[in-house]
Amino acid sequence: ELIAVYDWKSDDVSEEYLNKHDAAAPATYEFPWNISDEVLQQMQTASFEQKFRSSIFSAFGFRWSLGIYPKGQKVEGDANLYLQLLSLPPKLKSVHVAFILRCVQTDTQHHSDHEYERAYGVGWPDGKLSTAEIQACSELAFMAKLELIAVVDRDGDDITEWHLQGKSKPKQLQVRAQEDTKQESPDSPDDADDAEDPSAALRAFFAGLQAGNGPSNDAQTASKSESGQSDPLMAVRLDSLSMNMDKMMQKMAAIELRMAEKAKKTDKGRVTQTQYAELQQQVNGIQKTLKQLMMKDMDPEEMKFKAWLDSVDGLAAYY
């Protein structure tokens with residue numbers, strides 16, 4: 001029973017509040033589950049983990065049911081009674097209810113509350129009601145009393161009042177949610193990763209490798225001395241290229257993972273077919289640069305480089 005409603009100025013606005021909410025759906029609901037004789041006999045001889053479910057009922061605009069494992073779900077001999085939400089609309093994040101589950105004949109009851117974020121059953125703990133007590137009953141009935149606490153939409157707004165009245169969220173709240181989404185900036189490391197174009201990062205790395213890290217044609221020509229001995233600079237260049245190739249593989253793996261994560265969230269930042277084509281051109285350029293390293297008469301250092309390529313999975317095509 002509502003006694004009084006006060007506003008932020010401590011004024012009694014009960015009459016105004018009741019007039020405003022007169023058409024609203026009730027915020028409490030009771031559901032009796034009377035077990036027939038036939039079903040009672042089945043419950044009394046049920047096997048472990050066998051469950052029974054009541055008829056479906058509607059409360060607060062949602063569909064619910066009661067269920068019971070007469071011989072237990074987790075612990076054999078403990079009867080488990082539970083309240084199940086059967087569906088949650090996609091536009092809603094959660095519905096929060098307080099409830100009392102009661103066995104009429106034994107006066108066993110359990111008070112709890114739960115924020116349902118998906119279709120799920122929540123009930124009383126083990127040990128509340130034994131299978132033996134059910135088997136001793138000549139008749140059986142359960143009672144569920146529900147009280148709505150909150151309905152929250154996907155924007156995180158509490159829309160309980162409008163939900164009970166069967167109304168949509170006010171437009172000003174919808175506009176605010178849209179503006180908040182637009183104004184989100186990549187302040188955190190995760191957001192910064194989302195804002196970064198992975199294809200641009202990969203293209204920049206490839207360009208750097210081709211422009212400054214890979215050996216040029218001049219370097220290849222001077223890779224051997226007039227005596228045919230290996231130029232010490234060649235070993236340095238090969239070591240440098242080896243390190244850069246390792247870095248390239250690590251960056252490619254990281255970028256690939258980031259692109260996969262982005263693909264799950266939103267179309268924003270996804271790599272287009274054109275960008276993939278540009279990446280392929282860069283890869284082709286790397287292949288060409290690496291092939292220029294391979295000369296007819298390889299010196300020992302070059303042989304080491306080729307052996308290294310052979311040992312790294314996925315680089316065989318770069319010969």
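The values are calculated or read from the model by the stated rules, or taken from the named source; none is laboratory data. Quick caveat: nothing in here was measured; it's all calculated off a predicted structure. All Cβ positions, even for glycine, are placed from backbone atoms using ideal geometry, and neighbour counts span all protein chains on display. Remember, those area values only see protein heavy atoms, side chains included, never the ligands or the DNA or RNA. Shrake-Rupley method; radii C 1.70, N 1.55, O 1.52, S 1.80 Å.
Which cross-chain or sequence-distant (5 or more) residues have an amide H under 5 Å from the amide H of Gln165, H modelled 1.01 Å from N in plane?
Result for Gln165 returns Ala25.
Please give, to one decimal in nm, the separation of the simple spin-label points placed at Ala132 and Thr106, each 7 Å out from Cα toward the Cβ.
1.1
Tell me which GluC sites (Glu not before Pro) from region 99-136 have a DSSP coil assignment and no more than 11 other beta carbons within 10 Å of their own.
Here no GluC sites (Glu not before Pro) fit, given the DSSP loop and packing criteria.
Keeping all protein chains in the complex and leaving out DNA, RNA and ligands, what accessible area do you get for Tyr6 with a 1.4 Å probe, in Å² to the nearest 10?
Roughly 140 Å² of Tyr6 is accessible to a 1.4 Å probe.
So how much slack lies between Gln165 and Val39, counting 0.36 nm per residue of separation and subtracting their Cα-Cα distance, in nm?
Roughly 41.6 nm would be gained on extension.
Sequence-distant or interchain residues sharing an amide H contact under 5 Å with Trp33, placed H: which?
Result for Trp33 returns Phe142, Met143, Ala144.
From the convex hull of the Cα coordinates of region 23-75, what is the mean projected area in square nanometres?
Dividing the Cα hull surface by four gives the mean projection, 4.7 nm².
Using 32 Å as the Cα-Cα cut-off, could you pick out the over-long pairs in Lys74/Lys145; Lys9/Lys169; Lys71/Lys145; Lys9/Lys91; Lys145/Lys169?
Cα-Cα > 32 Å for Lys9/Lys91; rest within.
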